[in-house]
Structure formats: C-alpha cells, structure tokens
C-alpha cells in the first residue's frame, strides 16, 4: 500500500510531470517562471488548490454524479466547484491566515483558469475511480489525494528548475528572431528532454506496475 | 455600406494572420502543444475548438448587457462549459477514436485562454454578428496553426501525413518530434520563423504570455 502510494507520488513528479511531459499549465510555466520566488509562490498556490479541489471533487463524482448517472455533467460541475473553491480559499486566507495570503494571494485568481487543476480532478477520477469498487473508497481517495499532491510538486519542480534555466537563457545573446519567447521555448524543449530520461524509473525502483 | 462590409471582412481575417491566437497572441499554448502529435488530432481539436468559440462568442454577445460585471468570469465559464459538454457528447457518440485520442484536452477547452480571452476582449463589447465572425476567424487561425505544427511533427516524427505514408522508405524518423520535447522545439522554431517574417515586414510585436491576469502580474513584475 505504502509502496504504491510512493510510486504514484514519484511517477507524478518525474515520469508524468504535468508541465514538461503532459503540457498542463504551460501559461504560468512560461509566464511566471522569470524569478525563483514568484515561481515558488505560484506553485505553492497550485499545490494547495489542486489538493483542495481533488479533495472536494472526487467524493462529488463518486457519491453524487455516478449514482445519479450524471457523469456527463462532470466538466461543468468540476469547473464551477474549482471557481467557487478558489474564491472561498481567497476569502478564508484573507480573513484568518494573513501571512499565507500575503505569500499566495496574488496568484490565487490565476488558478481558476489554470489547466492543471481541472486536469488533475478529471484524471484522478479516470485513474482511481475504478479502485472504489475493488479497494474501497478510502484507499481510492488517499490514492487520488497523493496523486494530486504529486502532480503539484511536479509542477513546482518544473517551475523552479526552469526559472534557473531561464536566468541563464536571458543573459545569452540569442539570434535576432529567437530573442524572448522562442528561445525560452527551445530551452523548455531541452528541459523536457531531460525529463524523458526518467521513463520507467518508478516501476523499477519500487517494483510495482502502475 | 461599403465601408461596413470591409470592416466585417477585416474582423473575420483578423484572427487568421494579424492576431493569430497561437503565434502572435500566444494564447492556448497547452492544447496547441498537446494535440499536434498527429494531423488527425489537430483537425479534430481545431473543429471542436472553433465550434465552442463561435457558440460561446454568440451567447456571450447576446447576454452582454445581462451579465453583471462582478460575476462575469463564472458566467463565461458556465456558458463555455455547456458547449464543451455538447462537443464531448457528440464526439463520444460519433468519433470515439478521436475522443479517446484528445482525452482530457477536450474538457480542458473550458479553461482555454483563447476562448476566455475573446469573451473578455471582444464578445462582451460587440454585436452578435461581429462576435460570431471574430469567433470564426480566430477558430480558423487556431486550426490552421495547429494543423501546420502537426504536419511538421507528424512528417518528421512518423513519416506520415494524416496517416498516409509520404516519406520514402529509407527515411529515418525522428521519434522525439512526436514526443513532448518535439512539441516545445517545433513551437519555438515556428515562432522564431514568424518573428523573422515580421522583422522582414517591419511589423514585429512584443509577445507576452496571453492570459489576461497573467499579463497584469507580468507588468507588475517588470516595474
């Protein structure tokens, strides 16, 4: 059990990295990764919202949408839940946890329209929804939460690594048409290439098939 | 009358070259990178995307005086999500292989910044006809760009175009082009080409990552 959770966690960070391998959340990846502290703040907020959103939407899918045969409403329900949740988190942090709000506050409104969050809530239902029947709801719920945190940490890793890469790229004298965004995309291609090297590492390390 | 006709045409063509959503405005990068592994996926995504964009533009333009400014974003999201759900159901019923190939990127059209961006920048201020034309133009611009990218990636990566073998037998395929790094590389090179052409025409624009709230943040960072 524990081994499987660890395998899920590390495969979400390294093998199925949300940004560099799966292309979820490219906008903040290219937009906010100029400085290390802003990429840390953004990804902190993303991890937090991804965890909360999965914690809310997974039970909704299992206990409300599936029994009522309303699976086709998934997209509408999930995006609305995420929008409301982000608003709620913002208000809650502003009132009760001012220091955390100061650190994450500016990034929160961006997150409603971030693909990562909607993607993770839909994907955990696809991947672990079936486990509810075989392993019970509690196990499937924990698996999906670990998956959500793992994806968030993967996002953070990509953001932080890339902010370092970007610092070097920006002082380079790139050929004229490549200046700015194009050379950044080429640098992202090389960063993404390095993540391909992790293919298969988790299965061999933990001796499990995912 | 003649003048009005010109302006309608220019609204339509605006999205194809002048404000190409992918290469010039840099919006909707996630789906662009993900669906360009094969030309068939790119065409399917382009059609689905255009349908949602045109319908949501029309709907938002119709409701532009009704939606209160304070809750405009949730309203737009609900409208867009409704049309995305229609597309999902139709695709699942009639082109199931495409539905499986596009996977989660179909529901992710909801949070695509091109659609939200056009709703915010154009549809909420303009008439229904203009908004529909804008949606069609932007949709064509997006579809052409993703099909172009998919063409490059599919020919280099698997030697085929739309599933047909077009490269000679001895051609060694560059497998990486259909994988994640190839997407970034192809997009970067294509954008560099686009900038090069702009330089030749003396029409270079400064590119910022599109999403509106992100822009505000970047401007804050630059100051």
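Here are the criteria: (1) over 19 Å from residue B:50 (Cα atoms); (2) modelled with pLDDT under 90; (3) buried (at least 24 other Cβ atoms within 10 Å of the Cβ). Tell me which single one residue B:187 does not satisfy. Single failed check for residue B:187: (2).
Go through B:169, B:125 for me and flag whichever is in a loop (DSSP other than H, G, I, E, B) and closer than 20 Å to residue B:67 by Cα.
Working: B:169 fails: closer than 20 Å to residue B:67 by Cα.
Going through B:169, B:125 in turn, just one is in a loop (DSSP other than H, G, I, E, B) and closer than 20 Å to residue B:67 by Cα: B:125.
Just one of the listed residues (A:174, A:188) is in contact (Cβ under 8 Å) with a residue 24 or more places away in the chain and within 11 Å of another protein chain (Cβ to nearest Cβ), and it is A:188. Just so you know, in region A:18-44 the residues that are surrounded by 24 or more Cβ atoms within 10 Å (Cβ to Cβ) and either away from every other protein chain (no Cβ under 12 Å) or closer than 14 Å to residue A:149 by Cβ (or both) include one that is farthest from the chain's Cα centre (by Cα), and it is A:43.
Of everything in region B:33-74 that is within 14 Å of chain A (Cβ to nearest Cβ) and outside any helix (DSSP H, G or I), the residue that is surrounded by the fewest Cβ atoms within 10 Å (Cβ to Cβ) is B:37. Has region A:73-84 got at least one residue that is more than 11 Å from chain B (Cβ to nearest Cβ), surrounded by 13 or more Cβ atoms within 10 Å (Cβ to Cβ) and more than 23 Å from residue A:130 (Cβ to Cβ)? No, the conditions are met nowhere in region A:73-84. Checking each residue in region A:91-109 for being farther than 14 Å from residue A:47 by Cβ and under 19 Å from the mean Cα position of the chain (by Cα) picks out A:105, A:106, A:109.
Restricting region B:157-178 to residues that are in contact (Cβ under 8 Å) with a residue 24 or more places away in the chain and within 14 Å of another protein chain (Cβ to nearest Cβ) leaves a set whose member that is farthest from residue A:195 (Cα to Cα) is B:157. The single condition among (1) crowded, with 16+ Cβ neighbours inside 10 Å; (2) over 24 Å from residue B:193 (Cα atoms); (3) within 11 Å of chain B (Cβ to nearest Cβ) that residue A:196 does not meet is (1).
Out of the residues in region B:147-166 that are part of a strand (DSSP E or B) and exposed (fewer than 12 other Cβ atoms within 10 Å of the Cβ), which is farthest from the chain's Cα centre (by Cα)? Don't jump to the end; show me each part of the working.
Taking region B:147-166 first, the residues part of a strand (DSSP E or B) are B:160-161, B:164-165.
With the extra rule that they be exposed (fewer than 12 other Cβ atoms within 10 Å of the Cβ), the set shrinks to B:164-165.
Values: B:164: 25, B:165: 27 Å.
This residue is B:165.
From the residues in region A:119-169 that are closer than 30 Å to residue A:186 by Cβ and without any contact (Cβ under 8 Å) to a residue 60 or more places away in the chain, which one is surrounded by the most Cβ atoms within 10 Å (Cβ to Cβ)? Among residues in region A:119-169 that are closer than 30 Å to residue A:186 by Cβ and without any contact (Cβ under 8 Å) to a residue 60 or more places away in the chain, the one surrounded by the most Cβ atoms within 10 Å (Cβ to Cβ) is A:123.
Any residue that is over 13 Å from the mean Cα position of the chain (by Cα) and closer than 22 Å to residue B:152 by Cα - is there at least one of those in region B:20-38? Spell out how you get there, then give the answer.
First, the residues of region B:20-38 that are over 13 Å from the mean Cα position of the chain (by Cα): B:37-38.
Restricting the remaining residues to those that are closer than 22 Å to residue B:152 by Cα gives B:37-38.
The answer is yes; a qualifying residue exists.
The values are calculated or read from the model by the stated rules, or taken from the named source; none is laboratory data. Small disclaimer: the values here were computed from a predicted structure and weren't measured. Here the Cβ is made from the backbone with ideal geometry for all residues, glycine too, and neighbour counts use every protein chain on show.
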